Amino acid sequence: MPPPKLAPLAVCALALAALAVPSLARADPAALATREVALRAGGAAVTVRLPGRFDLVGLHWRGRGAPEFRTRSLRGRWSAWRLAEEQTVDRPDRGSLEATRVSGWRIGAGVWVGPSDRLQVRSRRAVRVRAHAVASPEVRVPLRTLSIAGSPEIVPRAGWLADESIRRAGPSYADTLRLAFVHHTATTNAYTRSQAPAALRAIQLYHVQSNGWNDIGYNALVDRFGVVYEGRYGGIDRNVVGAHARGFNTGSFGVAVLGDFDRTALPAPARDALARLLAWRLDLAHVDPLSTLNGISSGNERFPPGIPVFLRAVSGHRDTGATACPGDVLYEQLGEIAAEAARLGQPKLFEPRVTGRLGGLVRFRARLSNPIPWAVAVTDGLGIEVARGTGTGTTVDWTWDSTLAGPGAYRWEIGGGPTLRGVSGSLGGLVVQPPVALAITGAALDPETITPNEDGQTDTGTLTYTLTAPATVTASLLDPTGVLVGELTPPMRRPAGESTLAFDPAAVADGAYNLLLQARGDDGTQVTASVAAFVTRTLGSVSLAPPAFSPNADGRADRLELRFSLGAPAVVSVRVLREGRWVATPLAGPQGPGPVAVSWDGAKRVGRARDGSYAAVVEATDAVGTARIELPFLADTRPPEVRIVNREPLRLWVSEPARLTLRVDGNAHRFQARRAGTVRVPGVRRARVVRAVAWDAAGNVSLPARRP
């Protein structure tokens with residue numbers, strides 16, 4: 001895979017390495033062959049016996065490292081050795097049945113290798129491998145397209161000969177669709193129109209029969225000629241939950257572009273087709289392509305469950321996963337593609353909302369892309385209109401007083417002429433929010449103790465509070481006796497919900513204070529809340545080095561050095577935590593003013609520190625309060641691995657971000673690999689003799705890789 005600018009790397013989608021399939025006259029179905037291979041350490045190649053020809057290869061394996069493979073074409077030519085890179089994010093959500101069928105196995109991306117008849121695998125470490133080979137010959141059939149509710153032309157599943165008999169389960173649906181993820185398939189762009197459907201059939205077979213998924217993972221696919229294909233079964237116009245963005249599959253639409261767009265721009269036909277597809281699909285869900293949202297992760301390697309992630313309505317896969325997908329060039333084009341999708345098909349209706357219930361006030365709201373006449377109509381069970389609201393502009397906002405409405409079923413519809421895709425629904429089950437008494441809840445200051453000594457650490461705090469109703473809010477600073485020290489903000493109108501306020505005590509002396517919030521409601525109601533605040537300049541300039549250390553007694557980065565300064569005597573505690581749990585206490589007790597240095601070699605109660613993420617927590621307690629500063633660091637005793645993938649152009653595979661030193665045909669080269677995975681060596685197009693060594697951030701050094 002081409003080296004992305006982000007780190008770390010995960011393979012995005014199914015690699016299409018050499019789409020050069022000869023034309024076939026008959027409609028042979030795709031077929032899968034699976035073979036178990038036990039590889040010994042040392043790198044000896046093992047030939048996998050496969051029945052006849054195949055077009056796609058994917059490896060699953062157990063064990064450390066990653067195997068390599070190569071294939072022989074029908075013309076008798078062996079390919080270069082390829083690294084089987086693990087798919088970690090192009091997968092179903094955790095906890096789903098799809099995600100558990102091959103648990104325990106590391107899943108490699110399927111690679112389209114073209115018509116081949118021989119497969120070899122090797123590994124420097126002993127691993128158990130399952131080799132999956134898919135035969136998916138090209139079938140020259142006319143691509144029949146359909147159009148759904150104003151969609152662009154789409155090749156249905158039957159058009160690319162999807163195998164409906166292998167689907168493992170029916171589709172799952174999300175209640176709403178909120179955004180779209182764009183992927184790329186990460187390798188060759190040199191394929192013909194008639195070869196793309198064969199690749200889709202191979203992708204489906206590999207996803208289902210090798211990876212254990214219910215069906216192909218993407219909701220739609222686009223080839224470089226601008227042909228759009230229906231992906232996962234269940235209706236491309238419905239909110240089908242895919243298997244393309246682990247942690248964010250529910251409520252998203254995944255579209256993959258066949259090709260590699262890390263350094264190559266998307267061809268104009270593909271770009272136009274992608275924009276038309278996104279314009280139509282997001283318009284169905286009344287989502288503005290230029291909008292943003294907070295997506296809540298259901299759990300993946302980058303974002304734990306429950307973490308909110310800021311996303312665009314048209315996002316790249318790298319926004320949610322540890323991946324380079326959809327390639328640097330395509331990713332940079334997403335903003336322009338989203339803007340084009342927003343322009344297509346105007347006018348559009350966004351974010352329809354209805355609040356209230358029958359017998360009370362029912363409010364209808366929406367946003368329009370263009371200022372046009374709009375109307376809200378309410379009809380009874382017989383289809384007779386009982387209420388109507390109209391207006392002109394970009395905001396729909398009309399309230400129906402339904403206190404005289406009789407019992408029964410009612411329908412509502414928001415429209416704006418024949419070119420606007422309207423929205424409708426039922427009034428049943430809607431809840432009127434009763435008037436809420438004004439209150440200030442959840443007031444808190446983070447951190448509670450602030451150290452405004454201009455070292456960039458806890459110099460300011462953030463006051464967070466929640467209003468139960470809109471109000472005018474004033475924030476003041478009081479001393480412990482209640483005397484006003486200063487007003488933090490003038491009276492400000494704030495909406496109901498959570499609000500934040502910055503607190504900068506740079507001009508305030510050390511001591512204990514209270515932050516007083518006063519809120520005045522629209523009806524004259526006044527409420528208050530107060531939060532304790534402590535200001536002390538005793539603790540400052542906390543630093544930690546190195547950010548990654550290697551406690552393995554090799555003389556490189558074996559110890560962690562923590563330094564800070566005290567402006568006054570204090571009782572100091574330095575603790576080491578792993579995932580919030582205590583590991584060690586390198587320092588505890590009173591300290592005088594001045595610089596303090598603490599060293600930790602990773603020793604703990606049993607053995608040494610395990611590799612992983614840690615935090616060093618410094619707490620200093622003086623007469624005012626306890627100041628706390630936390631700095632993260634890594635323990636890493638495992639040396640990196642480096643392998644030479646190919647020599648023209650020169651590409652290396654590294655197991656983690658690392659500093660690389662090379663000797664290429666007698667010349668020295670150095671560069672930083674900012675991500676794990678396959679990277680291209682800058683400035684080297686061709687190499688005969690290569691020696692490479694990798695150094696990670698903790699000072700661990702790899703075994704040298706040599707070629708030849």
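The values are calculated or read from the model by the stated rules, or taken from the named source; none is laboratory data. Computed from a predicted model, the values in this text were never measured in an experiment. Neighbour counts run over all protein chains shown; Cβ positions are idealised from the backbone, glycine included. Accessible surface areas use protein heavy atoms only, side chains included; no ligands, DNA or RNA. Shrake-Rupley method; radii C 1.70, N 1.55, O 1.52, S 1.80 Å.
Things to note:
- Normalised by 2.2 N^0.38 Å, with N the number of residues, the alpha-carbon radius of gyration of segment 35-90 equals 1.22.
- Panel note: the C-alpha atoms of segment 200-261, placed on their principal axes, show extents of 28, 26, 22 Å (largest first).
- Structure-derived Cα Rg over 2.2 N^0.38 Å - corresponding label in (1) 1.06; (2) 0.98; (3) 1.15: (3)
- Radius of gyration and Dmax over the Cα atoms of segment 131-240, both given in Å: 13.9, 43
- Direction-averaged projected area, Cα convex hull, segment 215-359: 10.1 nm², rounded to one decimal.
- Residue among 616, 378, 104 farthest towards the positive dipole end of the chain, charges placed on Cβ: 104
- Across all Cα pairs in segment 666-708, the calculated P(r) in 5 Å bins from zero up to the longest distance comes to 5, 16, 29, 31, 14, 5, 0 percent per bin.
- What you get for segment 567-686, charging only the Cβ of Lys and Arg (+1) and of Asp and Glu (-1), is a dipole of about 760 debye around the Cα centre.
- Antiparallel content of DSSP bridges confined to the chain, in %, to 5: 90
- Dipole-positive endmost among 465, 506, 496 within segment 459-524 (Cβ charges, Cα centre): 496
- Taking all Cα-Cα distances within segment 457-605, those exceeding 23 Å account for 56%.
- Selection from 212, 321, 67, by position along the positive dipole direction of the chain (Cβ): 67
- Distance distribution note for segment 375-469: the fraction of Cα pairs above 22 angstrom is 58%.
- For residue 703, the solvent-accessible surface computed with a 1.4 Å probe is close to 140 Å², ligands and nucleic acids excluded.
- For residue 30, nonlocal amide neighbours, meaning residues 5 or more places apart or on other chains whose placed amide H falls under 5 Å from its own, do not occur.
- Nitroxide proxy distance, nm - points 7 Å out along Cα→Cβ at residue 36 and residue 401: 7.8
- All other residues whose Cβ lies under 12 angstrom from that of residue 74 are scored, Lys and Arg at +1 and Asp and Glu at -1, for a net of +3.
- Summing +1 for each Lys or Arg and -1 for each Asp or Glu among the other residues whose beta-carbon sits under 13 angstrom from that of residue 415 gives +2.
- Only the Cβ atoms of Lys and Arg (+1) and of Asp and Glu (-1) were treated as charged; on that basis the dipole of the chain about its Cα centre amounts to roughly 4120 debye.
- Shown here are the Rg and Dmax of the Cα trace of segment 317-460, at 23.3, 72 Å.
- Counting only DSSP H runs of at least 4 residues, each contributing -39500 (n - 2.57), and dividing by the residue count of the chain, the helix-based mean residue ellipticity at 222 nm comes to -2000 deg cm²/dmol.
- Sites residue 394 and residue 47 - FRET efficiency at Förster radius 51 Å, r taken between beta-carbons, to 0.05: 0.15
- Pairwise Cα distances in segment 526-566 exceed 11 Å in 73 percent of cases.
- Reciprocal of mean inverse Cα separation for segment 166-294 (Kirkwood radius, Å): 15.1
- Across segment 246-305, the mean sequence separation of Cα contacts (distance under 8 Å, 6 or more residues apart), normalised by length, yields a relative contact order of 51 percent.
- At 1.002 mPa s and 20 °C, Stokes D of segment 620-688 from Kirkwood alpha-carbon radius, µm² per second: 144
- Computed E for residue 194/residue 670 - FRET, C-beta separation, R0 60 angstrom, nearest 0.05: 0.85
- Relative contact order (%) - criterion: Cα under 8 Å, at least six apart; region: the chain: 10
- P(r) for segment 227-295, from all Cα pairs and a bin width of 10 Å, is 16, 47, 34, 2 %, short bins first.
- Net charge, residue 385 excluded, C-beta distance under 11 Å - Lys, Arg +1, Asp, Glu -1: 0
- Along each principal axis, taking the top coordinate minus the bottom one, the Cα set of segment 299-343 gives 35, 20, 9 Å in descending order.
- Residue 523 accessible area, 1.4 Å probe, all protein chains in place, Å² to nearest 10: 120
- Between residue 545 and residue 568, the distance separating the two model label sites (each 7 Å from Cα on the Cα→Cβ line) works out to 3.0 nm.
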